[in-house]
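Worksheet for the structure shown next.
Please treat every number below as a calculation from the coordinates, not as lab data. Just so it is clear, the model here is predicted, and its values are computed rather than measured. Don't worry about glycine lacking a Cβ; one is built from the backbone with ideal geometry, like all the others, and counts go over all protein chains shown.
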Amino acid sequence: MRIERRTPLKATIGILGVGHAAYWPQFDGLLDVMHQKMDIFRKKVEKLQVDVVDFGIVDDSASAYRALKEIRKHDLDLLFVDMVTYATSATFAPLIQSLDIPIVLVALQPLAAMDYARGTTFIQLCNDDVCSVPEFCSVAVRMGKRVPEVIIGTLEGDAQADEEVASWCRIAHVLHDLKTARIGLMGHVLDTMYDMHVDPALITRTFGCHVVPLEPEQIMVHYRNSDPTAVATMVERIKGFFDTPDPVSDNITFCLKQEDLDTAARAAVALELAIEEKNLTGLAYYYEAEEGSEMRRMVTNFIVGNSLLTGAGFPMCGEFDLKTCMAMLIMDRLEIGGSFAEFHPMDFKQGSILVGHDGPHHINIADRKPVLRSLSKYHGKPGSGAGVEFKIKEGPLTMLGITVNAAGLLKFVVAEGDSLQGDIPPTGNTNTHGFFQPDLKTFLKRWMAEAPTHHFALGIGHHAHEIEKIANVLGIDCVVIPTH
């Protein structure tokens, strides 16, 4: 089963071709071939859940400046420069100097190799996509910018090049939502985890999003005035999505109680109404409330609703962890999951470590139907109620931790490993066995040496290279833990 995304992925990507004006009168029909090449590339990008703006071909300095004016009107998330043939860097310098968005040079030639014995200058120019890439990279540095990313390959039938194009479209989804996100922040840090503290203005400075203060009472009003029909619908939705097995070995777990199911459903409905009312993209929270109060009952029973929302692309992050909420958002927009996680006990027999948390989790990366158990206590926190338990899918995994460096700026800590077969404790919490190279102890020492927080976002697949690119675009320090 899979939870559908609440809102579709969005990004606006520009495509601009570059060429050399001197060629067109010299070689009849060459410009038409260049437009045909661009059409093939544009159609490739249009299939990747993005809006595409085609700026045509620029072939001299004057046309580059005209294109720049048009590009500025469209609030792009990324610009592909299609290197359809050789172009002087006068077509590129105004763009790289003026634009503050990722620019990716695309050198995809039509032929895998020329037929040299029958070669012509015309055919060479049709396949000269890589010719001016070094010139453009040099000019980028001279304009005070980073060397742009480059995709190299053939225009059709090149799976690696196609994946690189798709990867940059996924990155554009991330960048689009980071700069437009409204992340709710409710409550306070657990008493007191110093690694959780972060200045909301630093989040805005780094990602561009807005952090929205949220009062618990703004959710409570929906909880207190909940619509019985909406709650009953949520109960059936939860029952259809989760298994509810008997307890196994943990004496604080029980078969899901109807009372806990009803409370979880009521809290989930209230959460959804509150985030819609405040137009939020995600939420980081922690709140305890008065013992025995209705408020405590509500705020300690968000876990089920959190997991449903997180699976739908709305990251919900406990323990007031705003930084990890952003990591979860990044992973979700890359379509690789993004569960709230930390390290649990090590398994020295098989060289793994349990990674997980008591919630929230990205249910769409579960290896099977997730489980709900009633818990008589949430360890280390007040309250009781339903807990979510599952393992993530077996196979490659990626971890993204966002911490604060000594200069007070955000830092990414990234690692790749594998989620492999292994039993998890039936404690009503999500866990999976993480295997990391070169061995468990070495990996953990390397991870700790980067001074991470104790939380991170957990996703499927190996995507460190994409996360590193996002960090580079945003100007964030990023460390990928070595595997050798």
field: Shape parameters for segment 297-353, alpha-carbon atoms, Rg then Dmax in Å
entry: 13.7, 41
message: How big is the dipole moment of the chain about its Cα centre under a simple scheme where the beta carbon of each Lys and Arg is +1, that of each Asp and Glu is -1, and everything else is neutral? Debye, nearest 20, please.
response: 300
query: What is segment 364-434's relative contact order, in percent, from Cα pairs under 8 angstrom and six or more apart in sequence?
result: 30
statement: Karplus ³J(HN,Hα) for segment 465-481 (6.51 cos²θ - 1.76 cosθ + 1.60, θ = phi - 60°; Hz, whole; x = Gly/Pro) runs 5, 6, 5, 5, 5, 4, 4, 4, 4, 8, x, 9, 4, 9, 10, 9, 5
Per residue Cα convex hull volume in Å³ - calculated over segment 12-178: 104
field: Relative contact order %, the chain, counting alpha carbon pairs below 8 Å whose residues are six or more apart
entry: 13
message: If R₀ is 25 angstrom, what is the calculated FRET efficiency for the pair residue 379 and residue 347, using the beta carbon separation as r and rounding to 0.05?
response: 0.80
statement: Rounded to the nearest whole number, the per residue volume of the convex hull around the C-alpha atoms of segment 149-269 in Å³ is 262
- request: Report ³J(HN,Hα) in whole Hz for each residue of segment 423-434, in order, from the Karplus equation J = 6.51 cos²θ - 1.76 cosθ + 1.60 where θ = phi - 60°; Gly and Pro get x.
  value: 5, 10, x, x, 9, x, 10, 7, 8, 8, 7, x
query: Tell me, what is the percent relative contact order of segment 12-178, built from C-alpha pairs under 8 Å that lie six or more residues apart?
result: 27
- line: Here, chymotrypsin sites (Phe, Trp or Tyr not before Pro) of segment 304-390 satisfying both criteria (DSSP loop; at most 10 other Cβ within 10 Å) are 348
message: I'd like the FRET efficiency for residue 195 and residue 69, computed as 1/(1 + (r/R0)^6) with the beta carbon distance as r and R0 of 51 Å, rounded to 0.05.
response: 0.65
query: Taking the structure as given and computing mean projected area of the Cα convex hull in nm², which label from [x] 25.4; [y] 24.3; [z] 22.5 fits?
result: [x]
message: Distance cut-off 32 Å, Cα to Cα: go down the list 179/377; 369/411; 10/381; 44/73 and report the pairs above it.
response: 179/377; 369/411; 10/381
Spherically averaged projected area in nm², based on the convex hull that wraps the Cα atoms of segment 25-114: 6.7
- request: Given the peptides 141-154, 13-26, arrange them by the average over their residues of other C-beta atoms within 10 Å, most packed first.
  value: 13-26, 141-154
- prompt: Mind listing the phi-derived Karplus ³J(HN,Hα) values for segment 209-220, rounded to whole Hz, using 6.51, -1.76 and 1.60 with θ = phi - 60°, and x for any glycine or proline?
  reply: 7, 10, 9, 9, x, 10, 8, x, 5, 6, 8, 4
statement: The set of cysteines in the chain having no other cysteine's C-beta under 4.7 Å reads 126, 131, 137, 169, 209, 255, 478
task: Pull up the DSSP beta bridges for the chain and report the antiparallel fraction as a percent, rounded to 5.
output: 50
